[in-house]
Each structure stands twice: as C-alpha cells, then as structure tokens.
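> There's a structure below that I have some questions on.
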Amino acid sequence: MISKAQWKYVRISPKKLRLVADEIRGMEVDKALSLLPMIPKKGARILRKALKSAVANALTREDVSVRQDELYISKLMINDAPRMKRWRPISRGRAVPYQHRFSHIVIELDTYENEE
C-alpha cells in the first residue's frame, strides 16, 4: 500500500456509492479520474474527491517516490456509518420514522511493482 485516504460520515447512502465504486475498483488512477466526471451520479463527484485526496497523499510522501501514472486502486471499500434517525409528521397527527444513511469511504492505492 502506497497511500490511503478515508472519508467518514459522507451524507449519501452506501448503496448509491457502491454503484459507482464497482465501476472503478481495481482501475488505474488516471483512468478512474477521467471516467468519474462522465458518470452522472452524486457518488461519482464524492469518489473523485476522495480519490484525488489519496493521490495527493501518495505524491507527497517523502519515503516513497512514485508518479501518478504508476498508481492503481488496490482497495476501495464503502461501509455503513451510523444512521441519523428522524420522525416525519403525516396526516391525522401521526408520525413515521425515517433514517438518513451515511457512508465511510476507504481508498488504498498501490503500484504494480509492490504487488509481488
């Protein structure tokens, strides 16, 4: 693992994020960064931002010299985060519960030379 980026408590459901994450998992970083702007989903914008953070972490490390075109996404996990539980008023004075779902994103980048 060359670098890692985490983004916790992202205000989007994990199911929506996983649709986009499945498209770029295992892909080279340059290909993924060029593909994400073309995906018309909110999760694509969020994953692009997290991926850029992981790339910046890899390029600023002093102990490892690496270029952006050598990196690929070795691990991309979308996990559930705690849910925010709320109540919505409905007719006849009743209320129904609903939940805002959150996600945790973990991205790890690596080079093909380190894989062996």
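Derivation of every value follows stated rules applied to the coordinates shown; laboratory data play no part. Quick caveat, the model's predicted, so the values are computed rather than measured. Every residue, glycine among them, receives a Cβ derived from its backbone with ideal geometry; neighbour counts consider all protein chains shown.
> For the chain, what does the relative contact order come out to in percent, with C-alpha contacts under 8 Å and a separation of six or more?
Dividing the mean separation by the residue count of the chain yields 42 percent.
> Next question, about the same structure. For the pair Glu23/Ile39, report the inter-label distance in nm, with labels modelled 7 Å from Cα in the Cβ direction.
Going from the Glu23 label point to the Ile39 one covers 0.5 nm.
> Shifting gears a bit: Ranking Thr111, Thr60 by Cβ neighbours within 10 Å, fewest first, what do you get?
Placing the least packed residue first, the sequence is Thr60, Thr111.
> Now, a different point. So which lysines pass the test for Lys75, namely a Cα distance under 23 Å, with those fewer than 8 places away in the same chain ruled out?
By straight Cα distance, Lys75 reaches Lys4, Lys8, Lys15, Lys16, Lys31, Lys41, Lys42, Lys49, Lys52.
> Right, another one. Of the options Ile46, Met77, Gly93, report the single residue whose Cα projects farthest towards the positive end of the charge dipole of the chain (beta-carbon charges: Lys, Arg +1; Asp, Glu -1).
Looking along the dipole axis, the top candidate is Gly93.
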